[in-house]
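The values are calculated or read from the model by the stated rules, or taken from the named source; none is laboratory data. Just so it is clear, the structure is predicted and the values come from calculations on it, not from any experiment. Every residue, glycine as well, gets a Cβ built from its backbone with ideal geometry; the counts of neighbours run over all protein chains shown.
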């Protein structure tokens, strides 16, 4: 005990630890406040992908289906671009086109006709392509000027 | 021999089973059990509780009926409009490798340009989807969607002809008229589809052969059957009527048909185009003013 209490070297060591620890704690604080959950939105197309980057042809992190809840995140560290939303789905963080997200739970084909839809027993490749299809479309609607 | 431990487990199981069985009952059914005492009928009648029990019974019946209807509705076939949309996209998914649409494509600015032309001609509240294909095998088509239209168009075809945004939009407009005229649906629809759409298959399996037949018809229509001369004549005349008020659009359309005609005559890769869309040469003739014999 006396050895520890009288020895000035460990005390300085503790001070040094604080000096090193303090900035990292402050940094951790900025990281946690840097992100904001904008809200939970719902995916509207029949199938789609959470993309690795905000490019239509970028790799798919996971495939999601209509009505799946998607947590939209705002982060100063991630630039999603005007068309894309930075999202979290389960453990995956990636990008989804904003036009695919709705605030209210949408009425989905597979939800409206579950027994008919289930009967097709679609394989993974079909689900993957259906998701890609929605990304690849150029979509529009004519309106009265 | 029933040991104490086994007996305890059995009791526990019975207790759990009865608890589950109880939870399956509707709240209204439970309430009905509470108020349904025959022994004190007179008192109940005086208090109006007998009437309350009857009302509760009716309520339970209504709720049970609704529950059955909800369960039955899960076995519905989609309506015709929803079925068209589903089958069109399913066909695109099933033929993803052949049609080769999953690729990085240039931005032709088609959304804005096509929208502009449609609006210029007075077609409002029309939803559309355009899918560019990286194959010369399937050149173009318009598929019916659910309250929208799906256009498919070959990028190699567009590049070979060096088509402008305006020219592409005019091709899409032609396809829009074909779709609106109902030619595609007429050529592809089956009796089974018309019969089953919007009906219910509760208690049996859905008849998926209906969709399989449609998928085959889609492939046949897009790659082999195409449109008749009569249908092409009607569409060309419709284009003529709508574009006449805008000479710039009309002239572009007229030149485009000539361009396609010359191109497909020398390019073997697109020899089937004439069979599917007969024929650009005739379309030019139908649009040309009649020569007066002096």
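Within the range A:40-145, which helices (runs of 4 or more DSSP H) (wholly inside it) include 2 or more residues that are under 29 Å from residue B:151 (Cβ atoms), at the interface with chain B (Cβ under 10 Å from one of its Cβ atoms) and free of Cβ contacts under 8 Å to residues at least 24 places away in the same chain?
In the range A:40-145, the matching helices (runs of 4 or more DSSP H) lie at A:114-118, A:124-136.
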Looking at (1) in contact with a helix residue (DSSP H, G or I) (Cβ under 6 Å, 6 or more places away or on another chain); (2) under 19 Å from residue B:90 (Cα atoms), which is the only condition residue A:118 fails?
(1)
Can you tell which of B:244, B:292, B:265 is modelled with pLDDT under 95 and not assigned by TED's automatic domain parsing to the domain that holds residue B:117?
B:292
Options B:244, B:259, B:238; residue that is under 28 Å from residue B:122 (Cα atoms), loosely packed, with under 13 Cβ neighbours inside 10 Å and touching a helix residue (DSSP H, G or I) at 6+ places or on another chain (Cβ under 7 Å)
B:244
Exactly one of (1) touching a helix residue (DSSP H, G or I) at 6+ places or on another chain (Cβ under 8 Å); (2) touching a residue at least 60 places away in the same chain (Cβ under 8 Å) is unmet by residue B:81. Its number?
(1)
List the helices (runs of 4 or more DSSP H) that sit entirely inside the range B:163-262 and contain at least 2 residues that are without any contact (Cβ under 8 Å) to a residue 24 or more places away in the chain.
B:191-196, B:209-220, B:229-243
Matching residues, the range B:94-107, being part of a loop (DSSP other than H, G, I, E, B) and within 8 Å of chain A (Cβ to nearest Cβ):
B:101, B:102, B:103, B:104, B:105
